[in-house]
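Okay, so here's the structure we're looking at.
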Amino acid sequence: MEIVKYPDPILRHAAAEVDEVDSAVKDAVERMCETMRSSSGVGLAAPQVGIGRKIIVFKPCPDEQREQILINPCITERRGTIEAEEGCLSFPGIWGAIRRSSNIVVTGYDLKGNDVKVSASDFLARVLQHEIDHVEGMLFVDRMTPECRVLVRDALKALEDAYNQSAVQDGRRS
Ligand code: CO
């Protein structure tokens, strides 16, 4: 499954809450896990596969294949601040330093509709904040410092040109 790339407008829309874990939600989770695996990602949000629902998948341990999913994820506690390099599957080739909370608590639901609470620090806390931003329509470039934005400006422009080019081609085909 293709990953939706910047500047596709779906990445800018706040996703809808999931009211019921129906077969569409289970389907979405399966596709998201497959896509994350095939792209060697550590986290993925539903809008990145074109689904506007509040669903994220992530690898709680980067070295293990196991995935965890969270439906309607919400950060309920934050502590500390840490800056580190970050990238995004929807922004191939772009990296930048982003400040995030170093420790967070996230609540949400699993596929059975059970309450889930995840306490995360450092790398996992960063992954979760990044993916939760995605379901709110917030992108990591929005959180870059102005200095960092200048450094990635040309790369962003190249993604915009590629997107506009493929939109023109899609228009010709239809
Ligand atoms: Co991302």
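Computed from the coordinates by the stated procedures, all read-outs in this text should not be read as laboratory data. What you see is a predicted model; the values in this text were computed from it and never measured. We place every Cβ from the backbone using ideal geometry, glycine too, and count neighbours over all the protein chains shown.
Just need the relative contact order of the range 1-65 here, percent rounded to a whole number, with Cα pairs under 8 Å and 6+ apart.
Working: 69 pairs, mean separation 26.0, N = 65.
So the answer I get is 40 percent.
If you place +1 on the Cβ of every Lys and Arg and -1 on the Cβ of every Asp and Glu, how big does the dipole about the Cα centre of the chain come out, in debye to the nearest 20?
Dipole magnitude for the chain comes out near 240 debye.
With contacts defined as alpha carbon pairs under 8 Å and 6 or more residues apart, what's the relative contact order of the chain in percent?
25 percent
Under 23 Å from the Cα of Lys59, which lysines turn up, not counting those fewer than eight places away in the same chain?
Lys59 reaches Lys5, Lys26, Lys112, Lys117.
Can you tell me the FRET efficiency between Arg149 and Met1 if r is taken as the Cβ-Cβ distance and R0 is 35 Å, rounded to the nearest 0.05?
Working: r = 30 Å, r/R0 = 0.85.
Efficiency computed from Cβ-Cβ geometry: 0.75.
On alpha carbon coordinates alone, what is the Rg over Rh value for the range 47-137, Rh being the Kirkwood radius?
Working: Rg = 13.0 Å, Rh = 13.7 Å.
Over the Cα atoms of the range 47-137, Rg/Rh equals 0.95.
Would you mind calculating the gained length between Asp22 and Ser39 on full extension (0.36 nm times residue separation, minus the Cα-Cα distance), in nm to one decimal? The partial results should precede the final answer.
Values: separation 17, 0.36 × 17 = 6.12 nm, distance 2.60 nm.
Net length gain for the segment: 3.5 nm.
For the chain, what is the mean residue ellipticity at 222 nm derived from helices alone (per DSSP H run of n ≥ 4: -39500 (n - 2.57); sum divided by total residues; nearest 500 deg cm²/dmol)? Write down the numbers at each step before the final one.
Details: 3 runs with 58 residues, N = 174.
About -11500 deg cm²/dmol.
May I ask you to compute the full-extension gain from Arg66 to Asn164, defined as 0.36 nm times their residue separation minus their alpha-carbon distance, rounded to one decimal in nm?
Values: separation 98, 0.36 × 98 = 35.28 nm, distance 3.63 nm.
Fully extending the segment from Arg66 to Asn164 adds 31.6 nm.
If each of Ala84 and Lys117 carries a label point 7 Å out from its Cα toward its Cβ, how far apart are those two points in nm?
Each label point is offset 7 Å from its Cα along the Cβ direction, giving 2.4 nm.
Tell me, what is the Rg over Rh of the range 113-174, with Rh the Kirkwood radius over Cα pairs?
Details: Rg = 17.3 Å, Rh = 14.8 Å.
Computed over Cα atoms, the ratio is 1.17.
Sort largest first and round to whole Å: the equivalent ellipsoid semi-axes of the range 1-65, each the square root of five times a Cα gyration tensor eigenvalue.
Working: eigenvalues 70, 49, 20 Å².
Sorted largest first and rounded, they come to 19, 16, 10 Å.
What is the Å³ per residue value for the convex hull set by the Cα atoms of the chain? Spell out each step's value before the answer.
Values: hull volume 20.4 nm³, N = 174.
Value for the chain: 117 Å³ per residue.
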